[in-house]
Structures are given as structure tokens and as C-alpha cells.
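Presented below is the structure to which this report refers.
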Amino acid sequence: MSGTAHEPGDDFEAAKAVFEKLRDLSRERQERVLRWVAEGLGVVNPGALQSSHSQPGAGQKQTADQQLTQAAGTLGITDIKSFIAAKSPKSDQQFATAVAYYYRFEAPPAQKKETISTVTLQEAARLSGRKRLTNPNSTLNNARNQGYIDNAGRGEFSINTVGENLVAMALPGGAGPTALPHTGRKGAKARKRPKKK
């Protein structure tokens, strides 16, 4: 009761403030700061961020990134690196679709966007630890041709229902069957061939 007068009105604003302070630091410093915050507030098991160092022989070994993701999760943050790792897109087109999905539905409020561009895609590749795309414009256009995203203005693309289904239900490990509703033209041509004798 005594602490309620000083609590921020919006949990996402508090999470955003922490996220903005940490986003440009090295992984080691992010991990250290989050551990201090977690231990100071008592919101995370104090040993949770040190488990990989204290139990090197454990069957499931946590990386620094996984530890950071755990702590970030307690702050209401979904970072793009952990999202892409969880979805594990198998092609550049699936990656572009996952990026569009992330920024529309999963990103922190201040980072959400309805559309993505080549700049967004390359930045997402950098942040998620993925190799930079040689031609991000071609990747976006190919993803559009596969029916995952739509044009949304000059150089901008938005995820559509097919892309949403791909990311939400088919990934990780899913291929492109969910794109069939947008590729009916090719399917129709393929079905006409057997008519020839």
C-alpha cells in the first residue's frame, strides 16, 4: 500500500525505459545490469542469471543471450533476437515475414510498426545475429510473391493473413504450405497440364 503512490502508471513505459537504456550496451553489461536490477527488486531468482556459469556440466546449458531473454521477459519485453531464434525461419523470405510479424505484434510498444522496409529488415538481421542480406529488396519482393506480405506503399511491406499464419502456426520448422491461398495461379496452371494426352 505504501509503494503504490510511486508506481508508474504504465508497465510498458517502465519496461521501455529499461529497454532503451540497455539496448546499446554489450551483452555482458546488459546481463550484469539486469542481474543487479533483478536481485535488487527480488523479481527474479538471484541465481537464474548465473546458472550457466555455476552449472557448466548441466544437460541444458544457458547462453548469456538466453539469460538476458529470461530477465527481459520479466520486464514485459520480447526482443527480436529471441523471437527469431524461437521461430527459426529457414529462408530469407520466412525471415522477412517473421520480422514483419514481430514489429506488428510482438515488439515493445514504442517499436511497433505496421510496415517494414529494407532498412528495417537489415537492422533486424543485425539485431538477431543473422547474416546481412545481400539484396533485402529482392527478399521482400520474393516474400510478397510467395504470398506472405503485401505492398504497403513505396518500399514498405505489411504482413498479411497468410504470413501471420506462417509465423504463428507453421514456424519453427514449417515450410510454405500456408502460402497456397496466394499462389493459386501457379497451382491452376499445374493442374491444367494433365489434360494434354
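Only the coordinates and a few stated rules stand behind these numbers; no lab work does. Bear in mind the structure is a predicted one, so any value in this text is a computation, not a measurement. Methodologically, a virtual Cβ is constructed for each residue, glycine included, from the backbone with ideal geometry; neighbour enumeration extends over all protein chains shown.
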Put +1 on the Cβ of every Lys and Arg and -1 on every Asp and Glu Cβ in the range 81-179; which of Tyr102, Ile116, Ala85 then has its Cα farthest towards the positive end of the dipole? Ala85
Would you mind classifying the range 81-179 by shape? Square roots of the alpha carbon gyration tensor eigenvalues, ordered a ≥ b ≥ c; an a/c under 1.5 is rounded, otherwise it is prolate if a/b is larger than b/c and oblate if not. rounded
Would you count, across the range 81-179, every pair of lysines whose alpha carbons are under 19 angstrom apart, provided the pair is eight or more residues apart or spans two chains? 7
If we sort 90-101, 17-28, 118-129 on the protection proxy, mean other Cβ atoms within 10 Å, highest first, what's the order? 90-101, 118-129, 17-28
Could you give the length gained by full extension between Lys113 and Ala170, i.e. 0.36 nm per residue of separation minus their alpha carbon distance, to one decimal place? 18.3 nm
